[in-house]
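What follows is a structure written as structure tokens; I'll ask about it next.
A short reminder: the numbers here are calculations on the coordinates, not readings from a lab. Computed from a predicted model, the values in this text were never measured in an experiment. Virtual Cβ from ideal backbone geometry, glycine too; neighbours counted across all protein chains shown.
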4 protein chains.
Amino acid sequence: MHIDSVTNDIRRARLGELVATRQCIRIIEAHNPISAIIAENASVSLGSSLGVEEFDGLWSSSLTDSTLHGLPDIEVLDPQTRLANIRDIFAVTTKPLIMDGDTGGKVEHFEFFVRNMELAGVSAVIIEDKTGLKRNSLLGTTVKQVSTDVGEFTAKIRRGKAAQRTPEFMIIARIESLILDLGMADALTRADAYVAAGADGIMIHSRKSNPGEVLEFAREFRRIHPSVVLISAPTTYNSIHAKELQSAGFNVIIYANHMLRAAVKAMQDVSMDILRHGRTAEAERRCVGLEHILHIGPASASTRN
Amino acid sequence: MHIDSVTNDIRRARLGELVATRQCIRIIEAHNPISAIIAENASVSLGSSLGVEEFDGLWSSSLTDSTLHGLPDIEVLDPQTRLANIRDIFAVTTKPLIMDGDTGGKVEHFEFFVRNMELAGVSAVIIEDKTGLKRNSLLGTTVKQVSTDVGEFTAKIRRGKAAQRTPEFMIIARIESLILDLGMADALTRADAYVAAGADGIMIHSRKSNPGEVLEFAREFRRIHPSVVLISAPTTYNSIHAKELQSAGFNVIIYANHMLRAAVKAMQDVSMDILRHGRTAEAERRCVGLEHILHIGPASASTRN
Amino acid sequence: MHIDSVTNDIRRARLGELVATRQCIRIIEAHNPISAIIAENASVSLGSSLGVEEFDGLWSSSLTDSTLHGLPDIEVLDPQTRLANIRDIFAVTTKPLIMDGDTGGKVEHFEFFVRNMELAGVSAVIIEDKTGLKRNSLLGTTVKQVSTDVGEFTAKIRRGKAAQRTPEFMIIARIESLILDLGMADALTRADAYVAAGADGIMIHSRKSNPGEVLEFAREFRRIHPSVVLISAPTTYNSIHAKELQSAGFNVIIYANHMLRAAVKAMQDVSMDILRHGRTAEAERRCVGLEHILHIGPASASTRN
Amino acid sequence: MHIDSVTNDIRRARLGELVATRQCIRIIEAHNPISAIIAENASVSLGSSLGVEEFDGLWSSSLTDSTLHGLPDIEVLDPQTRLANIRDIFAVTTKPLIMDGDTGGKVEHFEFFVRNMELAGVSAVIIEDKTGLKRNSLLGTTVKQVSTDVGEFTAKIRRGKAAQRTPEFMIIARIESLILDLGMADALTRADAYVAAGADGIMIHSRKSNPGEVLEFAREFRRIHPSVVLISAPTTYNSIHAKELQSAGFNVIIYANHMLRAAVKAMQDVSMDILRHGRTAEAERRCVGLEHILHIGPASASTRN
């Protein structure tokens, strides 16, 4: 899709179109416009007969957005600041974006958040069923994390669905039962309740290094809900191939934080290299060239000369 | 310096203190809070008797800030947006910062820009003596770039110096004569005029791959101006060691764009790796671990538990 | 139009629909969300058979936006800050908005500005044919103001029209010939050139207290351009009725700065009253009641209880 | 104090200096830079021997900031957006500012909020002892409002005091006991606990139309705490003179929302006048003149010519 033809309304609707027409889509984290441009343009040829692989959309992560600001991942970075970044991303890219909405905040605030996301052109938000101080899920039970009461969370889903202005915007419920060691039955019961409340999709989260529990969840979930959007973020169980997740019934896969984690490593390495050598000659191999940087954004008449 | 004791006023004054007490300081580009945190904490031990090497401060580059937004480096990214980013950087770091002020914009706007930088806690701004549409210097004479009239540029320096509220804020003139093939004499004449107009320092810019012309400039400049701040940004002539630049009379060295260039390379590599392998297992080696990310910001009571 | 059904794309297109279906529309300045809400809801009944009078849209003025920030009206307030305010306005209103684009800035920057306005949902921008430091038009020839070369200005119009992403976005040329005492012939020649270059409309500006010269312009302009949008901002010639401007051929009238000027007077009066009386009892008559303030925004589920 | 000599650090400390040297200071609400400029310059001469009356500082109100954005007063407007506005205010004024911090938010977020206020140059924050969805106090018991547990609130005060970077920043506890009909004893017990926890001052809030209960509170409070800052916001009990509040022991008086309430009335009146008359001639009497607007901000070299 050419950048000049993408408006907020067209982009917002794009995620639903992709989910409807493809078996499984892949989404990658982007934390600022340049990472989004790179994500948008990433392309790998798998051989002449297999075509080209690309990502289908972007993930705005509260973990990476918070980390980018040097803040802990506790919802202290406000949604407005994160949306301003998303608007900057949308000015220079075309692909749809799913926003990590943390807990969604207070139910009375959530409806404002939903409308602001829609106006900005965001396609979907994922909110998680935890309460109290939000902590990163991958910290698991090593910190205090509390599951939200099902009734409270379904009320939040309903409130959000009632507030949205456009038919295509999606509110997706993220289930933390496995993160909090509450068991598969709890996860499945919650999934049913959230879908009944109007959730457009379910994300099942896990911090295990093997995908067993998410595959089990998918099998059970798909028996009851053959067509509801089902999302995996294979951060810890990273050996499973996208095709296997697709076969298991997932239709959205989110690579949730790799762009920032790679950038951090590269910046640590390059800055230490410069200190170590007292010059940048040795650090150049870690960098793209200047001429590359000067032309990385979408071409404009101003720079075509 | 502990983060809890740094206010805007303390930070702003810090650059002058460093320049006054050290022979040569080193500044590295940072384009967002996380890159600034990494720059601030970068540290290399050179062996027990030699102590530890660190950067002395941060450089806010218009090239990397523009590139981060997917915009060309033509002053289309406004100073207010760039200052908002700098405020976010200052919330989580302690080191002083020099801002790349491009041409400084219209002379009547420059005084507002100066005051806003001061209030934000910026220590110095570097403005370059070009006019018309600002283009990146490293494009050299391949694009249309025009040197500013000396009288106009000294007027801008004077206006800025008259507008500043704090005694310590520095306005540094960047000379583009070598970039534009105008010759050494032009560069030196301009340096004299800019210092006479009140510039607190001179940055001499070059796009050659060897440092010959900047060393010659430094030699001539230092004969007349033994104590004025003199700055080098060894981007293209990257084989010269910091100690050599120091010996040649430079007292500030700016590594101007390596953090973003390294981050871009890493993000391109990691995103292609994920597409290529259909999973992130192979990409993990390019990334810092999640537990690292979760604790990279300044410690806070909220996350100490 | 109900607020829940307005997206950026729908709002952007709304101005063109109004212009196409009504003889003359009226636009009023709004400088923040609350002034926009008041403008949107202002309604006067002219008697049972005459129906109700309302404004058709909003005007984002660079004069009032600058004044709101305590800044002079010299384009020092950047377009991004102004657009952020417009996004806040759009979150709580439904009517279309025309943005005062000053000179449009550098031609190479203008295309980015155009695209950002479109994405935000702005319907049209008005740019004026002055060059150098922008000064408020109503200062007339008491300060240095210079007319732009026609060729330069038509190039800017063409560049903007080429850059826009949506068919409905309008770029309107504001002619300063009468402000700068350059004569009617100059104004009319420029109008022809600007329309030929693709301008979607013409705004003729005047600082006279009687409407003679703008009526003369309209008469001559309409002979050649019967259907091009023609705009008046009757700030100084304020005795002419909207119907008379409509009869003269204008189809858009902008009341350009009255909301802020009234707010300033009221705030000066109320603050002095409080000081004078040492209490607020006497000042209350100058204020709306608290219960009014608490329910002035669009109703939300959160506050309907 | 001249604007050119005010930095964030100087301004932040100014409130404490005023409280220490004057018997009772008066603070007025400002919701954007222009209202702050008007508040700063408001001055009434009380006759040759009595000198001139002025306000001593500014109040950033969550009610008026929310209303300005067309949002309900339920903490849905985030602190970062409000602080950005305060920074804009500080760029063009000199007087110190107290920020309405609502409930202070989650305790783990509060420390970040405190540091951001300090860096911005804010002198003090007032937080109120309510929990759950924040509702405007003047709605009283007509909506659900719940008092915070004393232990929780003192923990928040302690956390904030521990987090602050500068010695002069003040955290003031606002007691809602009278608003919630919990009685005088509850209010006084809480005041003792909050002061013991480190609160730098107490604000007692009331929605009665006579000042009886706040005067009683002040009398009892001052017996135990002769020198702790004590604040009144006489919004509903508006007939009491500042001198009487001073005599009763208050040393800070906040006029909390009059600037916005007056601006709203004026904008409603002026917009209806324009519609009614079909022109602005009649509305001019409600407005300050254009030439006044053009010179209302702090003088700058750019506009002195």
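Of A:95/B:95; A:144/D:130; C:156/D:265, which ones are farther than 31 Å apart at the Cα?
A:95/B:95; C:156/D:265
Further, regarding this structure: Under a point-charge model restricted to the Cβ atoms of Lys and Arg (+1) and Asp and Glu (-1), what is the dipole moment magnitude of segment C:1-98 relative to its Cα centre, in debye to the nearest 20?
220
Further question on the same structure: Considering every residue in D:92-100, what mean count of other chain Cβ atoms within 10 Å of its Cβ is obtained?
Mean inter-chain Cβ contacts per residue within 10 Å come to 1.
By the scheme Lys and Arg +1, Asp and Glu -1, what is the net charge of all other residues having a beta-carbon under 13 Å from that of residue C:169?
So the environment of residue C:169 carries a net charge of 0.
Highest GNM mean-square fluctuation, chain D, Cα pairs closer than 10 Å: which of D:94, D:64, D:166?
D:166
Shape call for chain B from the C-alpha gyration tensor, a ≥ b ≥ c root eigenvalues: rounded (a/c under 1.5), prolate (a/b greater than b/c) or oblate?
Cα axes put chain B in the prolate bin.
Run through the DSSP bridge list for the protein assembly as shown and note the antiparallel percent, rounded to the nearest 5.
Rounded to the nearest five, the antiparallel share is 15 percent.
For every helix of n ≥ 4 consecutive DSSP H residues, a contribution of -39,500 (n - 2.57) applies; sum these over chain B, divide by its total residues, and give [θ] at 222 nm rounded to the nearest 500 deg cm²/dmol.
Mean residue ellipticity at 222 nm (helix-derived): -13000 deg cm²/dmol.
Based on alpha-carbon centroids, what's the gap between segment B:43-57 and segment C:195-210 in Å, whole number please?
65
For segment C:131-146 and segment B:69-145, write down the distance between their C-alpha centroids in whole Å.
If you average the Cα positions of each part, the centres end up 27 Å apart.
Something else: Compute the separation of the alpha-carbon centres of segment B:216-249 and segment A:241-305 and state it in Å as a whole number.
Distance between centres, Cα-based: 32 Å.
At residue B:225, label 7 Å along Cα→Cβ: distances to the other copies, nm, ascending?
Here residue B:225 shows inter-copy label distances of 5.1, 5.7, 6.7 nm.
Once you list every other residue whose beta carbon is under 13 Å from the beta carbon of residue C:238, what net charge do they have if Lys and Arg are +1 and Asp and Glu are -1?
The answer is +2.
Let me ask something else. Of C:60, C:35, C:239, which is the most mobile in a GNM of chain C whose springs link Cα atoms less than 10 angstrom apart?
Top of the fluctuation ranking is C:239.
Where a ≥ b ≥ c are the square roots of the eigenvalues of the C-alpha gyration tensor, would you call segment D:1-155 rounded, which needs a/c under 1.5, or, failing that, prolate if a/b is larger than b/c, or oblate?
prolate
Amide H of residue C:203 versus every other amide H placed in the peptide plane: which residues, excluding those fewer than 5 positions away on the same chain, fall under 5 Å?
Answer set, sorted by chain and number: C:173, C:174, C:175, C:231.
Something else about it: Specify, for chain C, the residue whose C-beta is closest to the rotation axis mapping it onto chain B, with the distance given in whole Å.
Nearest to the symmetry axis by Cβ: C:78, 2.
Further, regarding this structure: What does the C-alpha gyration tensor say about the overall shape of segment B:224-265? Classify as rounded when a/c is under 1.5, otherwise prolate if a/b is larger than b/c, or oblate.
Prolate is the answer for segment B:224-265, as a/c is 1.5 or above and a/b outweighs b/c.
Using the crude model of +1 on Lys and Arg Cβ and -1 on Asp and Glu Cβ, and no other charge, please compute the dipole size for the protein assembly as shown relative to its Cα centre, in debye to 20.
0
Follow-up. Please report, for residue D:167, the nm distances (one decimal) from its label point, 7 Å out from Cα along the beta-carbon direction, to the equivalent points in the remaining copies, shortest first.
2.3, 6.6, 7.0
Right, something else. Taking residue C:196 in one copy and the same position in all the others, each labelled 7 Å out along Cα→Cβ, what are the pairwise distances from the first, in nm, shortest first?
4.9, 7.2, 8.5
A follow-up question, please. Of all DSSP beta bridges in segment C:154-305, what percent run antiparallel (nearest 5)?
Once the DSSP bridges in segment C:154-305 are tallied, antiparallel ones form about 0 percent.
Further question on the same structure: In a GNM of chain D with a 10 Å cut-off on Cα contacts, which of D:229, D:122, D:52 has the highest mean-square fluctuation?
Result: D:52 has the largest fluctuation of those listed.
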